[in-house]
Amino acid sequence: MESFLSDYPHISDFLSSIAQYKDTFIFDKLYNPAYGFWPHLEYFLLNQSRYGNHESIIDRLSLLVPITMNVGTAWAKWRKFRSAQSEITSIYIIENYLSGRVIEIVPVNKIPTPDLLVGLNNSKYFIEVKAQSGQQHGSEHPRSKEPYLYSPQDENDLKSWLFEEAISSRNGKPMKPKTIEADEKQADILIAMIDIHNTIDNVKDQALYICPNSSFIEKNSIKINSEKIISVHFFKSDYPMKRSIKNLKEIWLFNESHLDKFIVLSKEAVLLNHMKNKR
């Protein structure tokens, strides 16, 4: 094991429990001690028993994806792995930056359910977590050294992914926007870990492009220990949807590498009210 893992004993134990850990996606990141996911994963592994129902996340992190695996199967496993990463990073942000509390990881059911039950401002909220980068696909194995990744291209792609109903160009099937998926699961909040190439640098302009009927409220910057500052930009928003939304109150958007642009598109100011009461 790499020497830096002495700082992350729970990750070291986790990897040691996987007989073929060199066939995992996690193994591919061990060359980088500064990988931002390490603190998130260590925190999750330390607290997993408190959340309960963590087996699905552990299973997705532990997926074996040898380089000889069929490319289509490997990419399907990549999407599952990224969904686990997005849930772990969301848990870390909620509890460490936003002063919230993850009450439980919602157990997997035959009926689709949201991912997390969270306490904010003395109330409970169901959260659905999505990873936009989990939609990537490519012509090469995802663990090859230089895979050709199909990445979301810009803000227009993100807007479509969040709000627009369309037909898949890949299989011709209807595609539900993530807001509809979250609302149908009775989620109060949608957290989206996004992966776009910004063509709009200004956060306010970017948010208004993604969700045009929005107005800026305020910005809050939060720093914990020696970690990156997270800058939360709050907007009052009406979502550009043809369907009516029954349950969804808020959308949180963040790029795991750029927490300085954490965008909240809100109908009911859930997170803003929580943070004001925590001051």
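Listed values, structure above:
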| read-out | value |
| --- | --- |
| Of all residues making up the range 148-163, the number that are assigned to a loop (DSSP other than H, G, I, E, B) and either crowded, with 17+ Cβ neighbours inside 10 Å or at pLDDT 95 or above (or both) | 1 |
| Any hit, the range 105-128, residues being of a type in the set (S, T, N, Q) and surrounded by 19 or more Cβ atoms within 10 Å (Cβ to Cβ) | no |
| Condition broken by LYS223, with the remaining ones in (1) among the basic types (Lys, Arg); (2) over 24 Å from ASP115 (Cβ atoms); (3) at pLDDT below 95; (4) more than 21 Å from the chain's Cα centre (by Cα) satisfied | (4) |
| Matching residues, the range 187-212, being in contact with a strand residue (DSSP E or B) (Cβ under 9 Å, 6 or more places away or on another chain) and acidic (Asp, Glu) | ASP188, ASP195 |
| Residue check for THR89: part of a helix (DSSP H, G or I), at pLDDT 95 or above and either in contact with an Asp or Glu (Cβ under 7 Å, 6 or more places away or on another chain) or loosely packed, with under 14 Cβ neighbours inside 10 Å (or both) | yes |
| So SER215, is it touching a strand residue (DSSP E or B) at 6+ places or on another chain (Cβ under 8 Å), among the polar types (S, T, N, Q) and either within 24 Å of ASP157 (Cα to Cα) or surrounded by 13 or more Cβ atoms within 10 Å (Cβ to Cβ) (or both) | yes |
| Qualifying residue in the range 8-31 (condition: β-branched (Val, Ile, Thr), assigned to a helix (DSSP H, G or I), buried (at least 16 other Cβ atoms within 10 Å of the Cβ) and out of contact with any strand residue (DSSP E or B) (no Cβ under 9 Å at 6 or more places or on another chain)) | yes |
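The values are calculated or read from the model by the stated rules, or taken from the named source; none is laboratory data. Just so you know, these numbers come straight off a predicted model, no measurement behind them. Heads up, the Cβs are rebuilt from the backbone with ideal geometry, glycines too, and the neighbour counts pull from every protein chain shown.
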